[in-house]
Every structure is written in C-alpha cells, then in structure tokens.
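The values are calculated or read from the model by the stated rules, or taken from the named source; none is laboratory data. If you're wondering where the values come from, they're calculated on a predicted model, not measured in any experiment. Here the Cβ is made from the backbone with ideal geometry for all residues, glycine too, and neighbour counts use every protein chain on show.
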Amino acid sequence: MLPGDRSITYSPAFTLVPTYECFNRCSYCNFRREPGEDDWLDLEVARQRLAGFSTVSEPSVGAPKSVSAHSLIEVLILSGEVHPRSSRRGDWLRLIYELCELALDCGFLPHTNAGPLSRAEMAHLSEVNVSMGLMLEQLTPAVLKTVHRYAPSKEPELRLQQLVWAGELGIPFTTGLLLGIGETVADRRETLDAIAEVHRQWGHIQEVILQPHSPGQRQLFPGGACDGDAFLATVELARDILPDSIALQIPPNLAREAPLLRNCLAAGVTDLGGLVPLDEVNPDYEHHSLEQLQTLLLGWGYELKSRLPVYPQYIEGLSPRLRDRCRAIQAAL
C-alpha cells in the first residue's frame, strides 16, 4: 500500500443475467427486452459460464462473456424486472435465489440488483447475498413525466423504501445516482441528502455509484452524454454530502478520458466498481483492461486493489455461512 492509503478499489466480477425482460420502459435503457421475448437463464448454462474461475487471482477484464479460464470474486446477479403481480414473479425470484446458491457453491460471493423487491423478498435473498443494491437514480418526480414515464417501478418513494428496508434487515447496500437524464443540481443534492439521511439512521450504505448517462444504440431518449464538468462537480458534491464511511464509486468505462478520471479520483472517488467482461447496462462502452487501469493509477500515485462485494466493516454482521466464505476469500487475497 502506498503512503497515506492512496488505494483505489475495484471488484473482480462477472455478471449473470436471469432475464433481460422488464416491465419498465425507461427511454434511456439499452438493457431491457419485452416481457415474454427473452429466454430466462438456465442454471446449467450459468454453471458453465462460471466454470474454471478462481477466487484468488486477478481477472482478465477484456475476456469474452463465456470465458472460463480467468478469475473473479463477485458474481453480480443483474436482472430485468418481472411485474410484482405477474404469475411468474415467484419463478423469477426462485431463479435469482438459485443463481446465488450456485455462485456460493462455486466459491464466489453474490451481489443482487433486481429492481424493487418486497421486504419479504429482500429478506429471502439476503440469505444468499453478501450485499445487495438498487440505484435511486433521481428522487425528483419530474423525470416520471419524461424518461421514466413508462417505468412504474421508478417511483422515487418506492425506491427509497428499499434503502430503508435494507437498513432494517441489516443488508449491506449499494445505491447511486444516474446523472444527465434531465435532473437539476438541486435534484442531485436532494437525492444525495436522502441517501445520507438513511445511512445516518441505519449505517448500511457501503457505496454510492455516480453513473453518467452515456448514450447507447438502443435507447429512445434523445439526450446526450452527461457533461464532464457537471459530472465532476457532482463527485465533489457527493463527497461533501455523504459520510466518509460511504465509498464513492464511478464506472471507469463511462469516464474514460484520463483527465476526467484523474480529477474524479482527486475529488474523492475511492472505488471503480465491478470490472466485468461486459457492462450489461452500457454494452456500448468497454472497460479499460486491468493493466491499463493499473498503469494509469500508478502514474497518478494510486494503488489499484481488488476487494470483496461486501466492505470489510460489514462482514461480521453477515450470517455464519456468508461470513466464513468472506473470511476465506479475504485470507487468500
């Protein structure tokens, strides 16, 4: 470790998508498919994708989606949303649970982001996840008339409720903001203030992601990329508002220009998130290679270090099964 703890963390990760189908129609989305138009992920296919990974060595970030010769720690279960009143909701939740069980059986640590869940669903999935997540995106109701007009589960209070339930249930949680979808600086401040307030009550928000909108080939939203200066200003705002115990994360594939990335680190970013073979949410934006990031950061006086999908201060609060798995992987790093 470099003097003064100049370390920047990332999670060696691999994404499994139970289904791309989603009843929301966010106009900036490059991920979703129409309900009924996607074959759900088969457990045996998922097992094959995970085969051969090791939990202790570094991953090859640029590897293809099905590669099995490289390593990871986190398995990100990232799903489109099945409607809460759908007859298939139970099957969907069961598949997510089974994928998490598979990840644990294969020696990895699951983290699930599957949209808003009921409190009971969150409690159930917490049995097989070391952490969970849901982006707040923006709390302003103004975007319900624009980019979220056809996205019922983007109701701000519904998503904020997830953070509260996660706190009540003791789930280490990741949330964040989507920037550049028509919100104002005041809207960004309101969302950050809300996250900080929930964390002050429960102490369970482990990281906040600042994700700049980056146009993709499939989106309907005509807006361009989030302005770099505005993005940097939001990093500074977030670091000022959020408690120091919350890690501040940006996706490096969406802040690719070296000067912007360096300025964000200087402004308080401490984490680069999951470095995955494919960014499923932003498939048009490839990640740097791990070697590229290491070289960049070293030149700026930072050390790039791998981490678990649950932050150290939360490990002791996990169930014995999950805690022991985390300790074993920590010891091997």
Residue 191 - would you say it is part of a strand (DSSP E or B) and at pLDDT 95 or above? no
Members of region 69-104 that are among the basic types (Lys, Arg) and either touching a Ser or Thr at 6+ places or on another chain (Cβ under 8 Å) or surrounded by 15 or more Cβ atoms within 10 Å (Cβ to Cβ) (or both): 88, 89
Restricting region 275-308 to residues that are in a loop (DSSP other than H, G, I, E, B) and at pLDDT 95 or above, which is nearest to residue 17 (Cα to Cα)? 308
Among the residues of region 236-246, which ones are over 14 Å from residue 190 (Cα atoms) and not in a helix (DSSP H, G or I)? 243, 244, 245, 246
Filter region 216-235 for residues that are in a helix (DSSP H, G or I) and in contact with a strand residue (DSSP E or B) (Cβ under 9 Å, 6 or more places away or on another chain); the one that is surrounded by the most Cβ atoms within 10 Å (Cβ to Cβ) is 234
Of the residues in region 273-287 that are out of contact with any strand residue (DSSP E or B) (no Cβ under 8 Å at 6 or more places or on another chain) and not aromatic (Phe, Trp, Tyr), the one that is farthest from residue 27 (Cα to Cα) is 286
Of the residues in region 261-295, those that are without any contact (Cβ under 8 Å) to a residue 40 or more places away in the chain, more than 18 Å from residue 248 (Cα to Cα) and touching a Leu at 6+ places or on another chain (Cβ under 7 Å) come to 294
Among the residues of region 137-150, which ones are out of contact with any strand residue (DSSP E or B) (no Cβ under 6 Å at 6 or more places or on another chain) and crowded, with 20+ Cβ neighbours inside 10 Å? 138, 139, 143, 147, 148
Quick test for you: out of 155, 168, 207, 197, pick the one residue that is at pLDDT 95 or above, touching a Phe, Trp or Tyr at 6+ places or on another chain (Cβ under 9 Å) and surrounded by fewer than 16 Cβ atoms within 10 Å (Cβ to Cβ). 168
